[in-house]
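**Student:** This is the structure, below, for whatever I ask next.
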Amino acid sequence: RGPDAEGMHFDAGAALGHRRLSVIDLEGGRQPMVDDARRVSLTFNGEIYNFQELRAELEGEGDNFRTTSDTEVLLKGYLRHGIEFVERCVGMFAFGLWDGERETLYLVRDRLGVKPLYWADRTGGGVVFGSELSSVIESRQVPCALDPQSAAGFLSFGYVVGESSLVQGVKRLAPATILTWKRSSGAISLRKYWDLPEIWKQRQVERLARPEAEDLRELLQTAVRQRLVADVPLGVFLSGGLDSSLVAALVSRETKGRVKTFSIGFKEDTYDETQWARLVAKNLGTEHFEEIVSGSSPDLLAEIFSKQDEPFADTSLVPTYALCRMARQNVTVTLSGDGADELLGGYPTHRANALHAKVGRLPSWLRRTMRAAAGQIPDSRGKVSLNYKLKKFLAGAPLDECDAHASWRRLIETDRLHDLMVRPDAREVLDPFREAYRSGDGLGRLDRFLLVDYQTWLVDDILTKVDRASMGHGLEVRSPFLDHRLVELCAALPATQKLEGPVGKVVLRQVAKDLIPQEVIHRSKAGFNAPVSHWITGGWKPLVWDTLRSKEAESVLNRATVELLWREHESQTRDHGHLLFALFALASWIRRFQPSV
């Protein structure tokens, strides 16, 4: 995943590999890293932001260090305190640690799932794992067979939801989880070292010392400060929205030099936000870079999907990929504002949930009529238009609040999947959302759905997108809002500090009041979607149409239904842009990896 170095380590019955992006201790932090006694080996992806404090503690306990890397801190921490040392780490990480003396493998993922980790029972015994699905496939230790339920879930939402992957038998380690495999028994065990639902509930019932805006600001500043530690150039993603602008302002306060900021825009007016990013950049005095993304040719699309080792169809992948490419030409690490909307009620879906509760009091026949009326509203190809919001909301009117919340972001209904897929298996596409919803039993409505978003949308969509787009260019992205200490603090906030009427992120606007322009603070949420509905039958048409009509696509997708969707979209009688983008993503992946179906 990194362009700077590679290494392998072999032990009796175990092999670890690593591709490195050098960020801290460029020479000394090579991996896999092995302890002096050659008993323990570690392959580690990510960053431990409090590694300097942890190192000082370990030195006080008698440890000596030969490098200045956070990798060695993790290795020495395990040797002294065992795998439980991870509970003291603040950061984003996924790692595999092999203890040759105990013949035990540990796989660990960070609390919020910023860094990915795939694993599978190895054919013949043992475990194979990697940061990318492709590494597990290419190992040839497990058969590459399409998982039909995961495929149905992917087409429903545009991303793979839950712990399964698109390949049967290959799983994604859940956030905040330690997997242990012992050679002596061959048994695999999983345990949580940080339980977000329980922590959220605990913080909500604690009535003493309720956090205020100043507490949030102080902790956010600390999170920013810790994420500026690097031996390479840093910058900030700047969309011109509240979250990224606040991060840029706090970075400017911490750094002595001029901060580099990066923005992406579009020719389509309703999608372009570069004017807001320029306003903030000028206000903060940053060295600002921007680029306009166009769909005039399929070259960028082809490049993006040549690097997708698992289908992904959030349209914001396109500008995010271009943003990472531009940033990497100037820096190696960037900070972003990801995570604030899920933390503090920043999405329109959170307001829709509140309105749905009122609609739920209406007679069931009336709510069914509302759903039927949704189909009569004409489509609009503007960015999250009023028509789009109204259609989505009315379609979810007769559903219970959990399924309605999931439906706000759904691309296609379950019954239509049966026409679209050759062998549909859509029985469980909503299960991850329902499980996350049940885990929040006892919380207020807003906090319950924020918790659902953290366990589904954030980890499986937003963080997956940023990780793939950034690592595709050897760029590291760090988000202060994903500091677990900040999450715990915000979990204790009353709902009115998060969402009040139509205004989300109430407390964050208080934090930002003397740091960024007032126009930015009071802007509505805009999002980072790309105008794929315009591009898919325009400049992208040759590539997309050829892929959708390929024999590989026909092994999974019903060609007649795909062609109908295409004709309706091209004639502008319906807008199927997001769904066609997902179909293209799935067909591209099948063409590349040739799974058995």
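The values are calculated or read from the model by the stated rules, or taken from the named source; none is laboratory data. Just so we're clear, the structure is a prediction, and the values are computed from it rather than from any experiment. Here the Cβ is made from the backbone with ideal geometry for all residues, glycine too, and neighbour counts use every protein chain on show. The accessibility values were calculated without ligands, DNA or RNA, using every heavy atom of the protein model including side chains. Shrake-Rupley method; radii C 1.70, N 1.55, O 1.52, S 1.80 Å.
**Student:** Restricting to Cα pairs below 8 Å that are 6+ residues apart, what does the relative contact order work out to for the range 307-440? Please round to a whole percent.
**Tutor:** 17 percent
**Student:** Further question: Mind checking the range 83-162 for GluC sites (Glu not before Pro) that DSSP puts in a loop (not H, G, I, E or B) and that have at most 16 other Cβ atoms within 10 Å?
**Tutor:** GLU101, GLU103
**Student:** Shape of the range 144-206 from its Cα gyration tensor (a ≥ b ≥ c, root eigenvalues): rounded if a/c is under 1.5, otherwise prolate when a/b > b/c, or oblate?
**Tutor:** oblate
**Student:** Here's a follow-up. Hey, got a sec? Which trypsin sites (Lys or Arg not before Pro) in the range 26-97 land in a DSSP loop and have at most 16 other Cβ atoms within 10 Å?
**Tutor:** Taking the range 26-97 and a limit of 16 other Cβ atoms within 10 Å, the loop trypsin sites (Lys or Arg not before Pro) found are ARG38, ARG39, ARG66.
**Student:** Pull out the extension gain between GLU103 and GLU6, defined as 0.36 nm times the separation in residues minus the alpha carbon to alpha carbon distance; nm, one decimal.
**Tutor:** 32.5 nm
**Student:** Placing unit charges on C-beta atoms (Lys and Arg positive, Asp and Glu negative, everything else neutral), compute the dipole magnitude of the chain about its Cα centre in debye, rounded to 20.
**Tutor:** 1220 debye
**Student:** Cβ under 13 Å from THR255's Cβ, THR255 left aside: what net charge do those residues give with Lys, Arg +1 and Asp, Glu -1?
**Tutor:** +4
**Student:** Could you work out how much longer the chain between ALA372 and GLU59 gets when fully extended? Use 0.36 nm per residue separation minus the Cα distance between them, nm to one decimal.
**Tutor:** 106.0 nm
**Student:** Please label the shape of the range 186-331 as rounded, prolate or oblate, based on the square roots a ≥ b ≥ c of the eigenvalues of the alpha-carbon gyration tensor (a/c under 1.5 means rounded; beyond that, a/b larger than b/c means prolate, else oblate).
**Tutor:** Cα axes put the range 186-331 in the oblate bin.
**Student:** Compute the relative contact order of the range 1-116 as a whole-number percentage, counting only Cα pairs closer than 8 Å that sit 6 or more residues apart in sequence.
**Tutor:** Reported as a whole number, the value is 24 percent.
**Student:** Multiply the residue gap between ARG485 and GLU212 by 0.36 nm, knock off their C-alpha separation, and tell me the result in nm, one decimal place.
**Tutor:** Difference between extended and current length: 96.8 nm.
**Student:** Taking the Cβ-Cβ separation of ASP403 and SER550 as r and a Förster radius of 41 Å, what is the calculated FRET efficiency to the nearest 0.05?
**Tutor:** 0.75
**Student:** Here is a follow-up. Run the quick spin-label model on GLU287 and ARG225: label points 7 Å from Cα toward the beta carbon, then report their separation in nm to one decimal.
**Tutor:** So the label points at GLU287 and ARG225 sit 2.5 nm apart.
**Student:** When a/c is below 1.5 the answer is rounded, else prolate if a/b is larger than b/c, else oblate, so apply that to the range 522-584 with a ≥ b ≥ c taken from the square roots of the Cα gyration tensor eigenvalues.
**Tutor:** Here the range 522-584 falls in the prolate category.
**Student:** Here's a follow-up. With label points built 7 Å along Cα→Cβ from the Cα atoms of ASP35 and ASP425, find their separation and express it in nm.
**Tutor:** Here the modelled spin labels are 4.2 nm apart.
**Student:** Further question on the same structure: What is the distance in Å between the Cα centres of the range 413-449 and the range 16-47?
**Tutor:** 39 Å
**Student:** Further question: For CYS490, CYS144, what's the largest-to-smallest order of accessible area, 1.4 Å probe?
**Tutor:** Putting CYS490, CYS144 in descending order of accessible area: CYS144, CYS490.
**Student:** Give me the net charge of VAL170's neighbourhood, meaning all other residues with Cβ under 14 Å from the Cβ of VAL170; Lys, Arg count +1, Asp, Glu -1.
**Tutor:** Value of the local net charge: -3.
**Student:** Sticking with this structure for a sec: Using the Cβ atoms and a cut-off under 13 Å, what net charge is assigned to the surroundings of ILE199, where Lys and Arg are +1 and Asp and Glu are -1?
**Tutor:** Combined, the nearby Lys, Arg, Asp and Glu give -1.
**Student:** Moving on. For every helix of n ≥ 4 consecutive DSSP H residues, a contribution of -39,500 (n - 2.57) applies; sum these over the chain, divide by its total residues, and give [θ] at 222 nm rounded to the nearest 500 deg cm²/dmol.
**Tutor:** The helix contribution divided over the chain gives -12000 deg cm²/dmol.
**Student:** Relative contact order for the chain: what percent, with Cα pairs under 8 Å and sequence separation of 6 or more?
**Tutor:** Dividing the mean separation by the residue count of the chain yields 17 percent.
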